[in-house]
1. Report the label-to-label distance for Leu385 and Asp165 in nanometres (one decimal), using points 7 Å from each Cα along the Cα→Cβ vector.
2. Only Cα pairs within less than 10 Å get springs; with that Gaussian network setup on the chain, which residue of Leu79, Leu188, Leu346 has the largest fluctuation?
3. DSSP loop chymotrypsin sites (Phe, Trp or Tyr not before Pro) in the stretch 25-72 with at most 15 other Cβ atoms within 10 Å of their Cβ, which ones?
4. For the stretch 74-138, run through the GluC sites (Glu not before Pro) and keep only the ones in DSSP coil with at most 15 other Cβ atoms within 10 Å of their Cβ.
5. What size of dipole, in debye to the nearest 20, comes out for the chain about its Cα centre when the only charges are +1 on Lys and Arg C-beta atoms and -1 on Asp and Glu C-beta atoms?
6. Which FRET efficiency value, to the nearest 0.05, is calculated for Tyr267 and Glu88 with the Förster distance at 22 angstrom and r the Cβ-Cβ distance?
7. Which whole-number value in Å³ per residue fits the convex hull of the alpha carbons of the stretch 57-288?
8. Taking every eigenvalue of the Cα gyration tensor of the chain, multiplying by 5 and rooting it, what semi-axes result, largest first, whole Å?
Amino acid sequence: MDKFTYLHNELHSLKRNNLFRRCVCIDSPQGPTVHMADGSEKVLFCSNNYLNLANDSRIRQSAIEAIDQYGFGATASRLICGTMTPHEELETAFAKFLQKDAALYFPSSWSANQALLTTLPQKGDLVLIDRYDHASIIDAVKASEADFRTYRRTQPDRIEKYLADGKYNNRFIVTESVFSMDGDTANLTELVKLKNKYDAILIVDEAHSVGCFGQTGAGLCEQEGILDQIDIIVAALGKAIAATGGIIAGPKTLKDYLMNKARPFIYTTAPSPVIAAAALKSLEIIQAEPDRRKRLNDNAASLRKQFTEMGLSIGNTTTQIIPIIIGDSAKAVDISKKLFEAGFFLSAIRPPTVPPGTARLRVSVQADHTQEQLEELCDALEKVLSS
């Protein structure tokens, strides 16, 4: 008997329910348009390359210079011999950027959330998470020894009820600023009021916000004028910054504690110094070129308006992430396939990434999408949806 029969059965079930996934290979740099491995060209509407920095010549040059000076690999965990000058330079820059005392760099934002949320909240503590927080937050909190509860962002009374419970030693509120599948935002001002009232610790994951919002690009907290009131910020480097890794920014005490207690930091090989150097250059460009944010948000507003006029269901999005809610997974996959054949790369998002019955096309806008490309996408959608 095949020892892996159960895997075949589970995969068959995924295929039967239109939930099976596979990778599609791109054979060019990431940009508004990409070349596929089969030689075709597609307009890309499912990338997090919001500011089009993934192929910026200045960032490429920084990577080349870093590899000449430092080589490619860091070779060990950062506490052994893996910490290198670009790591520390990136942390210093991010601490200043996010108005915090210190920052700590991780190989991925997943490992950053894992390190933070399995180490900081402890037994006898309470963690409140938004029901639609990213999987990295949910899985990390579940692995913690602290109690946790979920809330809907329309339920401030529920949040306050749990915060008022005097049996806990410490209370944490953890939220994304921009929610990755719906494109809507947390009520950060309300969360700040609640955390101040109950002396809680507020952790905001700015994954899809850093670079895209705020006067300097520091994110939605900066745009709302409350950046200095957020206790801890997690910033993903794999979206607008177009690198890889995650940053935790907060008090110096937190950095020292995580370096000494967080298993994902202690036992993981350090990120490549080349990536750290490239991310630093990207951060410099983000701060120096606010027009990228303007173009991104203008494009997003234009597309949201066109989708609304077409009668598409796009939820409450106010950002560069625009979900087109389809509902049925099979239909979402079929629409995605037909758009791909028409020259548009736009993935179908299905459970468990989103709740059952809410399969969707997740449109990600880029700063360098042209108005013509936006209009052509709308025309293609109208044709596919009417067929």
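All of the numbers you see were taken from the coordinates with simple rules; none came from a lab. These numbers were taken from a predicted model, which means no experiment stands behind them. So basically every Cβ, Gly included, is an ideal-geometry build from the backbone, and we count neighbours across all protein chains shown.
1. 4.3
2. Maximum among the listed residues: Leu79.
3. Details: sites: Phe45, Tyr50, Tyr70, Phe72; in loops: Phe45, Tyr50, Phe72.
In loop regions of the stretch 25-72 (DSSP not H, G, I, E or B), the sparsely surrounded chymotrypsin sites (Phe, Trp or Tyr not before Pro) are Phe72.
4. Details: sites: Glu88, Glu89, Glu91; in loops: none.
Here no loop site has a sparse enough neighbourhood.
5. Rounded to the nearest 20 debye, it is 980 debye.
6. Approximately 0.65, to the nearest 0.05.
7. So the per-residue Cα hull volume is 106 Å³.
8. In descending order the semi-axes read 32, 27, 23 Å.
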